Structure formats: C-alpha cells, structure tokens
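In what follows, a structure is listed as structure tokens, so that the remarks can point back to it.
The values are calculated or read from the model by the stated rules, or taken from the named source; none is laboratory data. These numbers were taken from a predicted model, which means no experiment stands behind them. Here Cβ is always computed from backbone atoms with ideal geometry, including for glycine, and neighbour counts include all displayed protein chains.
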Amino acid sequence: MPISVHTITISSFGYKHGVPNDADILFDCRELPNPFWEPSLRNLTGKDEAVVAFLDEKKDIQEAVKRMESYLDQYLALWKRNGKRRDVHVYLGCTGGQHRSVYLAERIYQRYANTYPCSLNHRELFRYQEEPYGPTQED
C-alpha cells in the first residue's frame with residue numbers, strides 16, 4: 001500500500017564542513033559562480049538581497065536551477081508513485097554553505113513547497129551570522 005504523506009527536506013551545506021550522510025539526493029554547486037569572490041558579498045549569505053541579485057543574473061545559476069528542477073520533477077513523481085519511502089532529503093552543497101547552496105536551496109524550496117510538504121534547513125548558516133572572515137578593511 002503506497003504511503004499517503006510524502007515530505008521533502010531541502011538543505012544547504014558546505015563541503016568543507018563535511019558531506020551529509022543522510023542525503024537521498026545531493027547536488028554539488030561548487031562549480032557555479034561564487035559570490036565569495038566579490039568583496040561586497042563575502043560576508044553576506046544566499047538569503048541576502050545583494051547575493052540573490054548577483055546570482056539571479058548568472059546564466060549558469062539559472063541553467064543549474066532548471067536542470068535540478070527537471071531531475072527533481074521526475075524523481076519526485078516516481079517517489080510519490082512508488083510510495084516506498086515517506087521522506088526524501090535533498091541536499092545542495094557549495095564550498096562553505098554560505099552563498100550558492102543557500103540561494104539554491106531557497107529556490108528549490110520555493111518551487112516545491114506548494115506541491116509537497118517541505119521543510120528548509122541551512123546546516124551551516126549559523127557559522128555566518130557575524131562577519132566570519134573578520135571585519136572588512138576600508139581603503
């Protein structure tokens with residue numbers, strides 16, 4: 001008998017802090033454009049408006065989102081139809097879990113939150129609450 005309630009957990013993480021061992025699906029986002037290398041964005045996160053605007057403009061990011069959603073559409077339809085497992089955990093990882101993976105997890109969550117019961121978790125975000133790389137130097 002198929003399971004009637006299916007839940008999706010979408011999480012961001014940083015590879016430098018360890019690969020999660022409970023992932024059903026893992027997307028590696030490390031080769032995508034990195035806001036870390038923009039000095040004005042370095043101490044922000046993927047939830048900050050300036051980082052969102054930066055990543056929204058990147059063609060590679062938008063193409064990655066389309067491909068992730070295409071894969072997830074197929075996977076989740078099979079998962080729901082087969083009904084063998086109640087939950088699925090989708091992880092998106094970048095180097096530190098600060099910019100790209102956070103942004104992408106937010107995008108994926110927005111896409112599926114109206115279709116499935118979803119939760120969103122940013123595993124590393126607590127690390128970046130207060131200038132993790134020290135104060136910025138002014139010229």
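In table form, for the structure just shown:
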read-out	value
Segment 18-43, residues that are closer than 19 Å to LEU125 by Cα, among the charged types (D, E, K, R) and in contact (Cβ under 8 Å) with a residue 24 or more places away in the chain	ASP22, ASP28, ARG30, ARG42
Criterion violated by ARG85 - all others in (1) out of contact with any helix residue (DSSP H, G or I) (no Cβ under 9 Å at 6 or more places or on another chain); (2) at pLDDT below 95 satisfied	(1)
Yes/no for LEU76 being over 14 Å from the mean Cα position of the chain (by Cα), closer than 22 Å to THR115 by Cβ and of a type in the set (A, V, I, L, M)	yes
Selection from segment 79-96 of residues that are closer than 19 Å to CYS118 by Cβ and either surrounded by 20 or more Cβ atoms within 10 Å (Cβ to Cβ) or in contact with a strand residue (DSSP E or B) (Cβ under 9 Å, 6 or more places away or on another chain) (or both)	TRP79, ARG86, ASP87, VAL88, HIS89, VAL90, TYR91, LEU92, GLY93
Test: TYR91 is at pLDDT 95 or above, assigned to a strand (DSSP E or B) and aromatic (Phe, Trp, Tyr)	yes
Hits in segment 14-42 - residues which are in a helix (DSSP H, G or I) and either surrounded by 14 or more Cβ atoms within 10 Å (Cβ to Cβ) or of a type in the set (Phe, Trp, Tyr) (or both)	TYR15, HIS17, PRO35, PHE36, TRP37
Residue match in segment 56-64 (condition: in contact with a helix residue (DSSP H, G or I) (Cβ under 6 Å, 6 or more places away or on another chain) and surrounded by 11 or more Cβ atoms within 10 Å (Cβ to Cβ))	yes
Number of the condition not met by PHE126 [criteria: (1) surrounded by 10 or more Cβ atoms within 10 Å (Cβ to Cβ); (2) part of a helix (DSSP H, G or I); (3) at pLDDT below 95]	(1)
Counted residues, segment 48-91 - those being more than 15 Å from CYS29 (Cβ to Cβ), of a type in the set (D, E, K, R) and in contact (Cβ under 8 Å) with a residue 12 or more places away in the chain	6
